[in-house]
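*Asks:* The structure that follows is given in the form of structure tokens.
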Amino acid sequence: MSKAGVKHPADPDTDQDTMRSEYDFSKAVRGVTAARYAQGTNVVVLDADVVRMFPNATAVNEALRALGGIIRQAQRPKRRGV
């Protein structure tokens, strides 16, 4: 059920028209690439406070890779000195 006038908390300007005049979608076909896109895409929805920490997808991926390295190092069994 959709509620008119309800704005998404991460985007307070959802009611503004931001489409550029040079974009023309008059001959577009809805969903023509949806199946191909779904095959190779993982969509993750981030909370608004997390979105504010990262300027783009590259920054998110770099942070997660760094965290993954830290987690892998912490999970390795520690060798005792002989």
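*Asks:* Give segment 1-46 a look and list any residue that's on the phi > 0 side of the Ramachandran plot and either modelled with pLDDT of 90 or more or touching a strand residue (DSSP E or B) at 6+ places or on another chain (Cβ under 7 Å) (or both), or say none.
*Replies:* GLY31
*Asks:* Sticking with this structure for a sec: Going residue by residue through segment 38-58, is there one that turns out to be in contact (Cβ under 8 Å) with a residue 24 or more places away in the chain, among the β-branched types (Val, Ile, Thr) and surrounded by 10 or more Cβ atoms within 10 Å (Cβ to Cβ)?
*Replies:* Yes - at least one qualifying residue is present in segment 38-58.
*Asks:* Out of the residues in segment 24-42 that are outside any helix (DSSP H, G or I) and of a type in the set (Gly, Ala, Ser), which is farthest from ALA57 (Cα to Cα)?
*Replies:* SER26
*Asks:* Report yes if some residue within segment 47-63 is assigned to a helix (DSSP H, G or I), modelled with pLDDT of 90 or more, aliphatic (A, V, I, L, M) and more than 12 Å from the chain's Cα centre (by Cα); otherwise report no.
*Replies:* Yes.
The values are calculated or read from the model by the stated rules, or taken from the named source; none is laboratory data. This is a predicted model, so every value here is computed, not measured. Because the Cβ atoms are built from the backbone with ideal geometry, glycine has one as well, and the counts that use them run over all protein chains shown.
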